[in-house]
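These notes concern the structure reproduced below.
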Amino acid sequence: MNGTKLCAFGCIGLGDCVSSCPFGALSMENDGLPNVDYSKCVGCGKCAKACPKKLFSITNIEVKGPVALCSCHNDNKPQIRKDCSVGCFKCGICAKKCPEQCIDLSSGIPAIDYSKCTSCGTCVSSCPDKVLKFMQELTAV
């Protein structure tokens with residue numbers, strides 16, 4: 001997220017996603033990372049297929065709840081902290097504080113079970129690096 005390209009799991013800034021989008025819903029920002037214009041996105045999935053790092057996922061716009069904005073599966077917490085100011089360093093606070101127990105950290109990244117999530121916001125507010133954001137905040141136009 002911070003555009004340093006130090007994370008082996010993050011965006012490498014090639015822009016394949018941007019050039020693959022027939023709707024003009026993606027643009028590369030000054031930090032070298034893609035930005036999604038959700039008012040133009042139709043969910044066709046071409047960006048997800050084009051991304052060499054598989055960083056995009058197609059999610060139903062009706063789904064409410066948090067999403068993790070980090071894809072780093074590195075377990076080296078000091079390295080994550082050094083390389084990225086907004087990377088998930090696997091503290092587990094989100095999962096521990098979730099009253100619905102709907103966060104799975106087995107892959108190293110918070111995965112939300114939306115069938116259990118009530119969008120209470122406990123995980124979002126407890127995340128020290130603000131890795132979790134509400135999907136509706138990301139898609140607000």
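The values are calculated or read from the model by the stated rules, or taken from the named source; none is laboratory data. All values reported here derive from a predicted model rather than from experimental measurement. Glycine gets a Cβ as well: all are built from the backbone with ideal geometry, and neighbour counts include every protein chain shown. SASA here: full protein model, heavy atoms, side chains in, ligands and nucleic acids out. Shrake-Rupley method; radii C 1.70, N 1.55, O 1.52, S 1.80 Å.
The range 13-81 and the range 98-117 have Cα centres lying 20 Å from one another. A dipole drawn for the chain from +1 and -1 charges on Cβ atoms has a positive end, and of Asn35, Phe89, Pro66 the residue lying farthest that way is Phe89. Given the -39500 (n - 2.57) contribution per DSSP H run of 4+ residues, what per-residue ellipticity at 222 nm results for the chain, rounded to the nearest 500 deg cm²/dmol? Per the formula, -4500 deg cm²/dmol.
Computed over the alpha-carbon pairs of the range 4-44, the distance histogram in 5 Å steps reads 5, 25, 29, 20, 13, 7, 1 percent, short to long.
Take the range 39-84 with all the other protein chains still there, run a 1.4 Å probe, and you get 65 Å² of accessible area per residue. If you roll a 1.4 angstrom probe over the protein chains with everything in place, what fraction of the accessible area of the chain belongs to carbon and sulfur, to the nearest %? The C+S portion of the solvent-accessible surface of the chain is 53 percent.
Shown here: the range 49-141, whose C-alpha atoms stretch 35, 35, 25 Å along the first, second and third principal axes, sorted largest to smallest. Ranking Phe9, Phe56 from most to least accessible surface, computed with a 1.4 Å probe over the protein chains only, gives Phe9, Phe56.
List the pairs from Lys49/Lys116; Lys97/Lys130; Lys49/Lys90; Lys40/Lys96; Lys46/Lys90; Lys54/Lys77 whose alpha-carbon separation is above 25 Å, in the order I gave them.
Lys49/Lys116; Lys49/Lys90; Lys40/Lys96; Lys46/Lys90
If the only charges are +1 at each Lys and Arg Cβ and -1 at each Asp and Glu Cβ, what is the size of the charge dipole of the range 9-141 around the Cα centre, to the nearest 20 debye? Before the final figure, lay out the partial values.
Values: 15 positive and 12 negative charges, 48 e Å.
With only Lys, Arg, Asp and Glu charged at Cβ, the dipole is about 220 debye.
Sequence-distant contacts, meaning Cα pairs under 8 Å at least 6 residues apart, place the relative contact order of the range 1-122 at 23 percent.
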